[in-house]
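The values are calculated or read from the model by the stated rules, or taken from the named source; none is laboratory data. Note that the structure is predicted; figures quoted are calculated from it, not measured. Counting neighbours? That spans all protein chains shown, and the Cβs are built from the backbone with ideal geometry, glycine included. What goes into the accessible areas is simple: the full protein's heavy atoms, side chains included, and nothing from ligands, DNA or RNA. Shrake-Rupley method; radii C 1.70, N 1.55, O 1.52, S 1.80 Å.
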Amino acid sequence: QAQVVESGGGLVQPGGSLRLSCVASTSGFSLSYMAWYRQPPGKQRDLVAEITSGRSTNYADSVKGRFTISRDNARKTVDLQMNNLKPEDTAVYYCKMVTGLGSLYWGQGTQVTVSS
């Protein structure tokens, strides 16, 4: 079993920055795929950024050039650095992790609100 916990959300003004972090407690298991998703109010949950075990990354078009995903395998963390935030980035952000055995885990979500 594993537990995935996000942190770092909050209220920020347009143009500001936030850094989200996600840590997994996966005793005895390695982590392969890691990703961040977001779900705006009343909308579906969509992919924001993903990073593979080989550190290949992929971003949603709407965040390219503003967001950066990174991972630390030793600490079992995945971070999302978000710069130049816009009101349309407001959403609940979720961390998704897949273990080396193929088990999938979601975090509980962290709220990001971009507003003046």
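Descriptive notes on the structure:
- Working from Cα pairs under 8 Å separated by at least six residues, relative contact order for the chain is 38 percent.
- Charge tally for ARG45 (other residues, Cβ to Cβ under 11 Å; Lys, Arg +1; Asp, Glu -1): +2.
- In the full protein context, the chain carries 51 Å² of accessible surface per residue, based on a 1.4 Å probe and ignoring ligands, DNA and RNA.
- Integer Hz, Karplus 6.51/-1.76/1.60 couplings in order for the range 10-16, x for Gly and Pro: x, 9, 9, 7, x, x, x
- Here's the picture: a label point sits 7 Å out from the Cα of ARG45 along the beta-carbon direction, and within the range 1-28 the residues with their amide nitrogen under 13 Å of it are 4-6.
- When peptides 37-48, 85-96 are sorted by average Cβ neighbour count within 10 Å, with the highest value leading, the order is 85-96, 37-48.
- Among the protein heavy atoms of the chain, carbon and sulfur supply 48% of the accessible surface, probe 1.4 Å, non-protein parts ignored.
- Between GLY16, GLY54, GLY65, the residue with the greatest mean-square fluctuation in the GNM of the chain (Cα pairs under 10 Å linked by springs) is GLY54.
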